[in-house]
Each structure stands twice: as C-alpha cells, then as structure tokens.
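The values are calculated or read from the model by the stated rules, or taken from the named source; none is laboratory data. Worth saying up front: this structure is predicted, and the values here are computed from it rather than measured. Positions of Cβ are generated from backbone atoms using ideal geometry, with glycine treated the same way; all protein chains shown enter the neighbour counts.
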Amino acid sequence: MTHEPTANPTAAILIIGNEILSGRTQDLNVQFIAARLARLGIRLDEVRVVPDIPERIIGGVNVLRAAYDMLFTTGGIGPTHDDITSECIAAAFGVPWLPHEPSMQVLRDYLGAHMNAEQGRMATFPQGAVPIRNDVSVAPGFSIGNVHVMAGVPRIMQAMFLALEAKLPRGTPIAMRAVYGMGVMEGNIAAGLSAIQARFTDADLGSYPFQRDGRWGVAIVAKGTDVARLEAAITEATAMIAAQGVAPIQGEP
C-alpha cells in the first residue's frame, strides 16, 4: 500500500519480451526508471511483464495507460520479427503504423548503404508519435499520448529516458530514509513497525530481511514526500531496533 499524495503523477512500466519471462535475460531497467521517477516526484505504482504476443501487449498497454498518468514500455522495438511493440502500440491507439520520415532519414544517414527494410522498422511508428532521441545507437524510441516506448537494452533505454526526462511532469520528489540492524528477527519487530506505520500514514514503511556473512538482519525503509516525517519515522524505527539489543545503523545495508 502506498501513502503518497495523489497530487504526485503516477506511472507504470510494461516490460515486453519472451527473454525476460524465460529467465534468459535479467531485467535491469526497472530500478533505473524507478529511481529517476522518484527524483521527479512521479510515483511508480505497477510493473508488468508480457510476452511477445500482440493481444497481450495491446491489452497491457490499454489497461495501464488508462489506469496511470503515464506508461513506460521497454523492449521489442528492434529490427527482428519478434520486435512487435511499435505496431502493437499503433493497434492499441487505433492509428496506422507508418514510416516516420525524419527518423527514417536519421537511420539512413547513420547506416548508409547498409540499411535494409528490417532496419527501417525501427523508424516506423504509430501515426502521431513523437520520437525519443537515442544518443547510443541512433534508432529512436517514441511517445504517443501518455505512453513512452523505449528499448530493452539497458544502456540504450537509459539514454532514451534521459532524453525524455525534461518533458515529463513533476511532483514533489519522493525521498527515502532507512535504518537496519544485524541480528534482528523480523517477527520480533512486526508489531512495533505496524504501530509506527499507524502514526505515520503519510509515509510508506517496509521491512526487508537480508543475510550477510551468515547473519540475518532487517532493514526498515520509509518512503514519502515529507522528509521531516520520514526522518521522524526512522527515528522511531531506530529506537525499536535498539530495543532488541542491537546497534542500529543508519542507511541501507
């Protein structure tokens, strides 16, 4: 459950690709996007993964773009047969999928005589889409409505997101404070943490067990837009950990 003010814009991520679902490729994009959105004051509320199946992509896009202020998609915009995100976005919006001539020219200039029809797919967008600049490999992403379509390759996706970032809406930045203790058992602090959450309903508190050097510990993390309230909540969490006979350590483990 989140406790952020509704004034903060909301977002979702749709990860597209069989390679993620099969376990062949590890997704590295969500953490980057989530961290950048938090700085902008955009609340990431949902992440989904769908396979390279048109109806699943189209359905996911339409549900998420209606539910949130913006949707970011990653994956499926390359030149191969399974890169079907772009045409699925066109279908989701009910518009034609057409070559975008300025983007096509960028590809021609970059690839020269080696450019082929399959590579031209990377400059074919839903009608009305606006390109997202790609400073790594030239082929752009695009935005249409409140949907921002980016590559799955992390380095390229990051370049696209940074190019897009200045155009995104802003909210109050979402901050985080944390404390942890080694040797703390999560079950022993559950009631105390619930009581702290009840006093700080404007913060999102979570406990995260971890293991280090054969020992268990628990991190308490508070997220929200009011830094003073976050620090007050973590002060109480620090006292709670200390009451377990453990020396609290500020920050994340």
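When you check GLU118 against the structure, is it in a helix (DSSP H, G or I), in contact with a Pro (Cβ under 9 Å, 6 or more places away or on another chain) and loosely packed, with under 15 Cβ neighbours inside 10 Å, yes or no?
yes
Can you tell me which residues in the range 20-50 are farther than 20 Å from ASN146 by Cα and either surrounded by fewer than 16 Cβ atoms within 10 Å (Cβ to Cβ) or hydroxyl-bearing (Ser, Thr, Tyr) (or both)?
LEU21, SER22, GLY23, ARG24, THR25, GLN26, LEU28, GLN31
Does ALA11 meet the test of being of a type in the set (Gly, Ala, Ser) and in contact (Cβ under 8 Å) with a residue 24 or more places away in the chain?
Spelling it out, ALA11 is indeed of a type in the set (Gly, Ala, Ser) and in contact (Cβ under 8 Å) with a residue 24 or more places away in the chain.
Looking for something assigned to a strand (DSSP E or B) and either modelled with pLDDT of 95 or more or in contact with a Cys (Cβ under 7 Å, 6 or more places away or on another chain) (or both) - is there at least one such residue anywhere in the range 57-71?
Yes; the residues of the range 57-71 include at least one that is assigned to a strand (DSSP E or B) and either modelled with pLDDT of 95 or more or in contact with a Cys (Cβ under 7 Å, 6 or more places away or on another chain) (or both).
Among the residues of the range 9-19, is any assigned by TED's automatic domain parsing to the domain that holds SER86, surrounded by fewer than 18 Cβ atoms within 10 Å (Cβ to Cβ) and β-branched (Val, Ile, Thr)?
No, every residue in the range 9-19 fails to be assigned by TED's automatic domain parsing to the domain that holds SER86, surrounded by fewer than 18 Cβ atoms within 10 Å (Cβ to Cβ) and β-branched (Val, Ile, Thr).
Residue check, ASN62 against (1) in contact (Cβ under 8 Å) with a residue 40 or more places away in the chain; (2) more than 10 Å from the chain's Cα centre (by Cα), all met but one. Which one?
Condition not satisfied by ASN62: (1).
Condition check ((1) among the small types (Gly, Ala, Ser); (2) touching a Gly at 6+ places or on another chain (Cβ under 9 Å)) across all residues:
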| site | (1), (2) |
| --- | --- |
| ARG177 | no, yes |
| TYR180 | no, yes |
| GLY183 | yes, yes |
| ALA190 | yes, no |
| ALA195 | yes, no |
| SER207 | yes, no |
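Can you spot a residue in the range 26-42 that is farther than 23 Å from ALA159 by Cβ, out of contact with any strand residue (DSSP E or B) (no Cβ under 7 Å at 6 or more places or on another chain) and among the basic types (Lys, Arg)?
No: zero hits.
Go through the range 72-96 and report how many residues are surrounded by fewer than 24 Cβ atoms within 10 Å (Cβ to Cβ), in contact with a strand residue (DSSP E or B) (Cβ under 7 Å, 6 or more places away or on another chain) and part of a loop (DSSP other than H, G, I, E, B).
Qualifying residue count, the range 72-96: 1.
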